[in-house]
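The structure's right below; bear with me while I get my questions together.
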Amino acid sequence: MTDRLSELTAAGVAVWLDDLSRVRLSSGGLDQLRREKHVAGVTTNPTIFAKALSDADEYDWQLRDLAARGVEVEEAVRMLTTYDVRWACDVMRPSYEGSGGVDGRVSIEVDPRLAHETGKTVAEAKALWWLVDRPNLYIKIPATEAGLPAITAALAEGISVNVTLIFGLDRYSQVMEAFLAGLEQAKANGHDLSKIGSVASFFISRVDSEVDKRLEKIGSDEAKALRGKAAVANAKLAYERYGKVFSSDRWQALADAGAHPQRPLWASTSTKNPDYRDVIYVEELIAPGTVNTMPEPVVHAYAEHGETRGDTITGSYDEAREVFASLESVGIDLADVIETLEREGVEKFEASWQELLAGVRKSLSAADRGAGHPGDAATENAQAAQQAGGNA
């Protein structure tokens, strides 16, 4: 039987899971995906956590403890989410060690309400890094204007960073510059560069969703023929820029000091349009040194019918530029598309964060009203702590 995910991994694509919950952890589901589906990393975001905490009662024992201590809701969110991420880091530790520290990473995002405040983002990144306390952690920092210097500052402190919410090529170039500057400062600060990791999360399907909506509004046959092409073309041109930066003398000096490159990570890879092939954003974005973070249904879909046709990016840059030229010729303002997507991306994560806060606030209140120190609470607490212990 063909192991399609193994073929994808062999082609240079690291398969990561875009999901996390305590149910997935306690059931052994994440470890099973690691062992059986070649999943080599995990990404989270406020939307994922909001859903996880609203769907499961496995957080109840911790919520009771937090309520008993009178913990404020924002601190409770940190305790709940870092608990899961710490546990996931331990589950993924074999991948981390087996890949020499490249994979086996788990990401947690800074409070998205800080996306436009550099100093507070850096402070939050340092706090999360300390709370989780695992070498295979990534701190997610958005690629906003204020996020760029925060990326550099976090890396300079030896903190591994997943740069998120990248939509445009020029912003991606700025992200790579922030990465290089951060590693240069980290080296000057005496940090071991081989221990610092980074990925640059380039969002895919949202680009097609926004561009396709505008193409439909234009309505011409020429415009409609371009549906479903913008996102892949955008990512391919990003990979071209990646290749240039990470073949430069500046990068080589860091590589000689032990640094790992900042890999492009294809995020938002589930198709939003049912007319498109469900694994198109995997099949069309295969190239060495990349990461594809997928919701679990996409992982299983690729395992069932994905086609690994070798490198589907390198050498297709002129074709991608032609797509961009065609989009502009029918009236698509790509700069406005990117600006819209970045703004909406931050807003969506802020809304999910507010939903998460509201859910935890409600749960804390319910736990406080029902407090009575159930006899099995200590046992549950000890069992959960044992499950999440793992390697430091």
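The values are calculated or read from the model by the stated rules, or taken from the named source; none is laboratory data. Everything numeric in this text was worked out from a predicted model, so none of it was measured. Note: ideal-geometry Cβ built from the backbone for every residue, glycine included; neighbour counts use all protein chains shown. Note: areas computed on protein heavy atoms with side chains; ligands, DNA, RNA excluded. Shrake-Rupley method; radii C 1.70, N 1.55, O 1.52, S 1.80 Å.
Between R227 and H300, what FRET efficiency comes out of the Förster formula 1/(1 + (r/R0)^6) with R0 = 22 Å and r the beta carbon distance, rounded to 0.05?
The calculated FRET efficiency here is 0.25.
Report the accessible area of R113, computed with a 1.4 Å probe over the heavy atoms of all protein chains in place, in Å² rounded to the nearest 10.
80
Short version: ³J(HN,Hα) in whole Hz for each residue of region 130-146, in order, from phi by Karplus 6.51 cos²θ - 1.76 cosθ + 1.60 (θ = phi - 60°), x for Gly and Pro, what are they?
After applying 6.51 cos²θ - 1.76 cosθ + 1.60, I find 6, 5, 6, 6, 9, x, 9, 8, 10, 9, 8, 10, x, 7, 7, 4, 6 Hz.
Heavy-atom accessible area per residue, the chain, 1.4 Å probe: how many Å²?
41
If you don't mind, another one. Starting from the Cα-Cα distance between I218 and E145, subtract it from 0.36 nm times their residue separation and give me the gain in nm to one decimal.
Extra length available between I218 and E145 comes to 23.2 nm.
Quick one: Cα centre-to-centre distance for region 136-198 and region 332-359, in angstrom?
The two parts, judged by their Cα centres, are 21 Å apart.
Can you tell me the relative contact order of the chain? Whole percent, Cα pairs under 8 Å, sequence separation 6 or more.
Once normalised by length, the contact order is 23 percent.
Using +1 on the beta carbon of Lys and Arg, -1 on that of Asp and Glu, and nothing else charged, what's the dipole of region 119-205 about the Cα centre, debye to 20?
180
Assign unit charges at the C-beta atoms only (+1 for Lys and Arg, -1 for Asp and Glu), then state the dipole size of the chain relative to its Cα centre in Debye, rounded to the nearest 20.
In debye, rounded to 20, the chain gives about 500.
Turning to a different aspect of this structure: By how many nm would the segment from R113 to A127 grow when fully extended, if each residue of separation counts as 0.36 nm and the alpha-carbon distance is taken off?
Taking R113 through A127 to full extension adds about 3.5 nm, to one decimal.
Quick check: Cα centre of region 260-330 to Cα centre of region 1-62, how many Å?
For region 260-330 versus region 1-62, the Cα centre distance is 20 Å.
Please list T81, T118 in order of solvent-accessible area, largest first, computed with a 1.4 Å probe with all protein chains present.
T118, T81
Also: Which whole-Hz ³J(HN,Hα) couplings does region 59-73 yield from phi under the Karplus relation 6.51 cos²θ - 1.76 cosθ + 1.60, θ = phi - 60°, glycine and proline marked x?
8, 4, 4, 6, 4, 4, 5, 5, 5, 4, 8, x, 5, 5, 4
When all protein chains stay in place, what accessible area (Å², nearest 10, 1.4 Å probe) is found for S326?
40
Order D3, D18 by their accessible area, 1.4 angstrom probe, all chains in place, largest first.
D3, D18
Then there's this: Once the Cβ-Cβ distance between A257 and R35 is put in as r, and R0 is 41 Å, what FRET efficiency do you end up with, to the nearest 0.05?
In this case the efficiency is close to 0.75.
For the full complex of protein chains and a 1.4 angstrom probe, list D368, D111 by accessible area with the highest value first.
D368, D111
With all protein chains present, how much of the accessible area of the chain (probe radius 1.4 Å) comes from carbon and sulfur, to the nearest whole percent?
About 49 percent, which is the carbon plus sulfur part of the accessible surface.
Please list 3J(HN,Hα) in residue order for region 162-167, calculated via the Karplus relation 6.51 cos²θ - 1.76 cosθ + 1.60 where θ = phi - 60°; whole Hz, with x for glycine and proline.
9, 7, 10, 6, 9, 10
Further, regarding this structure: Relative to a virtual label point 7 Å from the Cα of K51 in the Cα→beta-carbon direction, which members of region 177-213 show backbone nitrogen distances below 20 Å?
201-210
Using amide H atoms built in the peptide plane, which far-off residues or other-chain residues are under 5 Å from T44 H to H?
Under 5 Å from the amide H of T44: S107.
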